Structures are given as C-alpha cells and as structure tokens.
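The structure appears right after this line, and notes come after that.
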Amino acid sequence: MTQPSRTPRPRLPSFAPVPAKRRADGWTPVRQAEFIGMLAETGSVSAAAEFVGMARETAYRLRRKPGAEEFAHAWDIAMRLAGARRPGGPGVRPQMRYGLTEGAAKVTPPDLWQRIVDGRWRPIVRRGKYVGSVQKPDDSALLSYLAQIDRSFRRQRKELRAEQRSQSQKGDSV
C-alpha cells in the first residue's frame, strides 16, 4: 500500500533585521523577530505589535523602510501561515492583499556590516503558537566581507608591485 504524500508545512524564513537606529524602545532585531512570530500565530498586526510593545503604525512604517525586503517577505509568509490556520482557509492571498506580486524584484540587501553584526533571525512557531526566536550568524555576509577585504588587499599589492617596478626601471635608466 502506498503512503499518502505529505506536503511540507510552510516555515517562517530567517530574515536580516531592518537596519534601524539603536534605541531601547525601538524596533530592535529581537522585537522584529518576535513581531513576525506573533503575526504568524495571530494573523493580526495590531496584536503582534502590542505583544512587542510597539504601535501598529510603526510596524507598517518599518515594513516600508529601505532594507526591509526580507522583513516584508517574512511578514507575508507569517500572514499566509496565520491564514492557513483560520477557519475557511486563507481566502485572499496575502501577497496580493499587501500589493505585492509573486515575482517582486529583489532589492539590494541591507548594509553588509549590519548583517554581520545583527545576524539573521528566525521566529519559531510550533503547533500554531509562537515559542521564541533564534538568532543565527549571517555567515554569507561575513564571507562576502572577507572576500571584499581579500580583493582589496590583492589590488593594493598589485598596485604596489607595479609602482616598485616602475621605480626600479627609472633607477636603471638613470
């Protein structure tokens, strides 16, 4: 007898937090992750914002900021997860509800150093309840930064060697 195929459950993606000024009462990376987790549990922006001690309007403002593309994507997935658990199914597709389309253009990621410092955050939802958030280092950002340093070092070394060659050639001709 064949077993029925199981469709994988959608999971909240990890995301780079939106770069924001460091304030104790602001949208810290932890607050952003908790907001996404509660949004997946409740499906309510107001309830999720209240849970993290922020205003609903500031959540929408954060979503529109430059560098918030991954946060907005996690928001859309959270709304989709919350809609899937509601009676009657998801109804309107969340990405269409917020004016986003499936193949939205990828925008430049947040500042590289900010991604290295803040890492990536992934809210954890178990059985429809938000249970916490996990911070992971953003290894790809660190490797990109190291590659930039390496390229810069190689370029400087190449320029130095060219300068030394030109000076030695001038010294030979004098």
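The values are calculated or read from the model by the stated rules, or taken from the named source; none is laboratory data. Keep in mind it's a predicted model, so treat the numbers as computed, not measured. Backbone-built Cβ (ideal geometry, glycine too); neighbour counts: all protein chains shown. The area values use the complete protein model at the heavy-atom level, side chains included, leaving out ligands, DNA and RNA. Shrake-Rupley method; radii C 1.70, N 1.55, O 1.52, S 1.80 Å.
Values as computed for the structure displayed
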quantity: Solvent-accessible area of Val117 with every protein chain in place, 1.4 Å probe, in Å² to the nearest 10; calculated: 80
quantity: Gain in span if fully extended, Gln135 to Ser166, counting 0.36 nm per residue against the direct Cα distance; calculated: 6.0 nm
quantity: Accessible surface, 1.4 Å probe, highest first, among residues Ile77, Ile149; calculated: Ile149, Ile77
quantity: Label-to-label distance, nm, for residues given as Lys65 and Tyr145 (7 Å Cα→Cβ offset); calculated: 1.9
quantity: Tyr130, Tyr145, reordered so the largest accessible area comes first (probe 1.4 Å); calculated: Tyr145, Tyr130
quantity: Largest to smallest accessible area among Arg64, Arg161, Arg115, Arg120 [probe 1.4 Å]; calculated: Arg64, Arg161, Arg120, Arg115
